[in-house]
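For reference, the structure is listed below as structure tokens.
Every read-out reported here was derived from the displayed coordinates using simple, explicitly stated rules and does not represent laboratory data. Fair warning: this is a prediction, and the values are worked out from it, not measured in the lab. Reconstructed Cβ throughout: ideal geometry from the backbone, glycine too, with neighbour counts over all protein chains shown.
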Amino acid sequence: MKRLWFFPHILIIFFLLLTATNCKKKKEDEEYKPRDRKEQYLQHEKDSIFNFLRTHTYIVDYEQNIHFSEAAPGQTRLIDVVDSIIVPDTAYEGLDYTVYYLKLNQGSGDTITTCDIILYSYTLWDITGKQYVYKDHQHPEWMTVYLSNVKGVQMIGLRPVIDKLNTGIYHENNDGTVSFSDFGNAVVFLPSGLAQFENSISIGNDDYIPAYTPLIVQLHALYVNTDLDEDHVPNVLEDINGNGNPYDDNTDKEKEDEYNLGNRPNFNDPDDDGDFLPTKDEDPNGNGDPTDDDTDGDGVPDYLDADTH
Ligand SMILES: [Ca+2]
Ligand SMILES: [Ca+2]
Ligand SMILES: [Ca+2]
Ligand SMILES: [Ca+2]
């Protein structure tokens with residue numbers, strides 16, 4: 001009898017535990033569901049970015065770093081000097097962001113395209129003006145402009161601004177260090193939808209920049225690698241379809257698959273047509289430019305033409 005009394009209670013307890021677990025899981029799922037992108041920008045971030053620009057002024061120090069402070073009456077406010085561009089959201093059709101940016105210097109070095117890889121230093125703030133990261137010229141980092149990764153986070157809102165800059169002039173100093181002068185220098189005010197959005201950004205020492213906060217990014221464009229695979233064809237010309245994305249052009253994909261070589265997009269492939277003659281050597285006229293050699297006259301340069309080598 002005792003067992004019969006006990007048995008249903010075990011079932012009830014089991015059922016309650018199962019329900020509790022399900023409720024907890026459901027709550028966790030709800031907690032981790034990213035916010036609505038349009039609502040986040042229009043109701044929470046658009047005004048906070050505009051207010052920062054409206055209430056703050058700036059100075060630029062001798063190392064070309066910007067410093068923000070609240071604007072006193074009569075002082076130049078950021079909103080009076082910034083430019084803006086419209087950048088569409090990548091995930092939410094019909095959502096357009098206004099990206100404000102301040103170009104502090106054009107730069108007098110090489111032009112930069114979205115297909116290039118740049119050496120850059122940077123500073124990161126949130127939209128309250130709290131500074132989180134500062135990388136000086138002695139600790140620069142590399143990024144492919146198309147991906148615009150900073151601190152492991154794709155900040156695609158930076159892409160169209162970097163695309164407008166030139167690099168600096170490179171100097172080797174007597175003490176073995178290098179320095180850069182007259183580099184491209186811009187500050188970008190980024191909605192989180194064009195940066196980290198629902199992810200926080202780890203900055204080391206258990207500190208992080210929170211999710212769902214607009215960012216301010218200052219970027220010094222120091223140096224550019226315009227021919228990643230050193231095949232004498234500039235990165236921008238390896239973007240065959242001309243859409244600004246160097247990753248979706250791979251002329252010899254079929255050959256790479258056939259020989260199990262792994263897929264390499266043209267900008268990172270020293271043999272673009274897979275005919276086993278390096279692109280830089282498909283240069284019969286010997287002028288150092290493989291793009292102007294078309295031996296069989298079919299309109300396809302030899303380095304992209306597996307029939308000609
Ligand atoms: Ca190349
Ligand atoms: Ca390839
Ligand atoms: Ca190539
Ligand atoms: Ca060829």
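Below, the figures for the structure above:
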| item | result |
| --- | --- |
| Listed residue pairs exceeding 21 Å between alpha carbons, taken from Lys103/Lys164; Lys151/Lys253; Lys164/Lys280; Lys38/Lys130 | Lys151/Lys253; Lys164/Lys280; Lys38/Lys130 |
| Residue-wise HN-Hα coupling along the range 109-116, computed from phi with Karplus coefficients 6.51, -1.76, 1.60 (Hz; x: Gly, Pro) | x, 6, 6, 10, 10, 5, 8, 8 |
| Contour excess over end-to-end distance, with Cα ends at Asp289 and Tyr208 and 0.36 nm allotted per residue | 24.5 nm |
| Whichever aspartates and glutamates have a C-alpha closer than 13 Å to that of Lys135, once near sequence neighbours (fewer than 8 apart) are set aside | Glu63 |
| 0 to 90° range, to nearest 10: angle between helix 46-55 axis and the chain longest Cα axis | 70 |
| Where N is the number of residues in the chain, Cα Rg divided by 2.2 N^0.38 Å | 1.35 |
| Label point distance in nm, Tyr132-His309, each placed 7 Å from Cα along Cα→Cβ | 4.7 |
| Vicinal HN-Hα couplings computed from phi for the range 91-101 (Karplus, 6.51 cos²θ - 1.76 cosθ + 1.60; Hz; Gly/Pro x) | 10, 10, 5, x, 9, 10, 9, 8, 9, 8, 8 |
| Most mobile listed residue (Tyr223, Tyr101, Tyr247) in the chain, GNM with C-alpha springs under 10 Å | Tyr247 |
| Calculated from backbone phi, Karplus (6.51, -1.76, 1.60) coupling profile of the range 147-157 in Hz, x at Gly/Pro | 7, 6, 8, 10, 6, x, 10, 6, 10, 5, x |
| Estimated inter-spin distance, Tyr247 and Asn268, nm [label 7 Å along Cα→Cβ] | 0.9 |
| Estimated FRET transfer efficiency (Glu198, Gln106; beta-carbon r; R0 30 Å; 0.05) | 0.30 |
| For the chain, built as a Gaussian network whose Cα springs stay under 10 Å, the top-fluctuating residue of Gly157, Gly286, Gly184 | Gly286 |
| 0 to 90° range, to nearest 10: angle between helix 2-32 axis and the chain longest Cα axis | 40 |
| Shape parameters for the range 235-304, alpha-carbon atoms, Rg then Dmax in Å | 12.0, 33 |
